[in-house]
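All remarks here apply to the structure that follows.
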């Protein structure tokens, strides 16, 4: 499924909180972890001064060496037992991340949603937003908790999988299968449904009941398929209400959980568009979210 984990860091404690998660997945799947720091060209230009012997290529090389040293030092205990290497590049951060991951189709990008490094000249939040909407690779996003140092060890107990009933949305399932088996975690599929029949609309109750019946049949079928694929612990939840709000409420109440969701998909009977729900879940759930890119 994955061939490596690409971890961009901006030098801030916020960005570093993704490291234990990258290490967890890298070790469980037995894949390489690449720590990456990107140096903005403006920084190279600012430090360059040809009149005093500080040429652009020399400054660039020096900054890259310093970045690699930072990555080696920062990895520390998070990289213990991992196949890890370090890289530094000069360029626009979002473009470098997107292009470097795209060059390796099996790469998983793992990064924090927030962070800021003054010396590196880039704001992690805006970079993460652009990567979320432009990268073709799967993306694991971690919402950092304050400025505290990253936890030495993390774990996942539950993997929540929002589905909207569309084949596009189901493209998360191979990722779920791989991670569930490697990490030995429970899988819970969520299908929220929201009836448009409200108030005094004729047959409102029968319409709602039919929607629930069809959604439940769909979920049972997906659980059965997961069990046939060797997932030992699989179940489903079928909440009534706004999809994004229900997913956020459910996942927030479950610590040490992972959300795996697709970027696109649409279900007529479910009355919600997966792409917009994904943005809401990434922003508000507080849990690590694995976003799988689906074709439009």
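The values are calculated or read from the model by the stated rules, or taken from the named source; none is laboratory data. All values reported here derive from a predicted model rather than from experimental measurement. Positions of Cβ are generated from backbone atoms using ideal geometry, with glycine treated the same way; all protein chains shown enter the neighbour counts.
Within the range 166-189, restricting attention to residues that are outside any helix (DSSP H, G or I) and closer than 19 Å to residue 293 by Cα, which residue is modelled with the highest pLDDT? Out of the qualifying residues, it is 189.
Being more than 22 Å from the chain's Cα centre (by Cα), modelled with pLDDT of 90 or more and more than 24 Å from residue 145 (Cα to Cα): is that true of residue 213 here? Working first, answer last.
Numbers: more than 22 Å from the chain's Cα centre (by Cα): yes; modelled with pLDDT of 90 or more: yes; more than 24 Å from residue 145 (Cα to Cα): yes.
So residue 213 passes the test.
When residues in the range 64-102 are screened for being modelled with pLDDT under 90 and part of a strand (DSSP E or B), 1 of them pass. Restricting attention to the range 12-60, the residues that are farther than 20 Å from residue 144 by Cα, modelled with pLDDT of 90 or more and assigned to a helix (DSSP H, G or I) total 3.
Conditions (1) modelled with pLDDT under 90; (2) crowded, with 23+ Cβ neighbours inside 10 Å; (3) not in a loop (DSSP other than H, G, I, E, B), marked per residue:
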{"site": "104", "(1), (2), (3)": "no, no, no"}
{"site": "111", "(1), (2), (3)": "no, yes, yes"}
{"site": "120", "(1), (2), (3)": "yes, yes, no"}
{"site": "125", "(1), (2), (3)": "yes, no, yes"}
{"site": "128", "(1), (2), (3)": "yes, yes, yes"}
{"site": "136", "(1), (2), (3)": "no, no, no"}
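Taking the condition of being within 16 Å of the chain's Cα centre (by Cα) and at pLDDT below 95, how many residues in the range 146-156 meet it?
Here is the first cut: in the range 146-156, the residues within 16 Å of the chain's Cα centre (by Cα) are 154-156.
Now drop any that are not at pLDDT below 95, which leaves 154-155.
Counting residues in the range 146-156 that are within 16 Å of the chain's Cα centre (by Cα) and at pLDDT below 95 gives 2.
Kindly indicate whether residue 37 is assigned by TED's automatic domain parsing to the domain that holds residue 90 and closer than 21 Å to residue 58 by Cα.
yes
Taken over the range 287-296, the criterion of being farther than 18 Å from residue 192 by Cβ and in a loop (DSSP other than H, G, I, E, B) is satisfied by 288, 293, 294, 295, 296.
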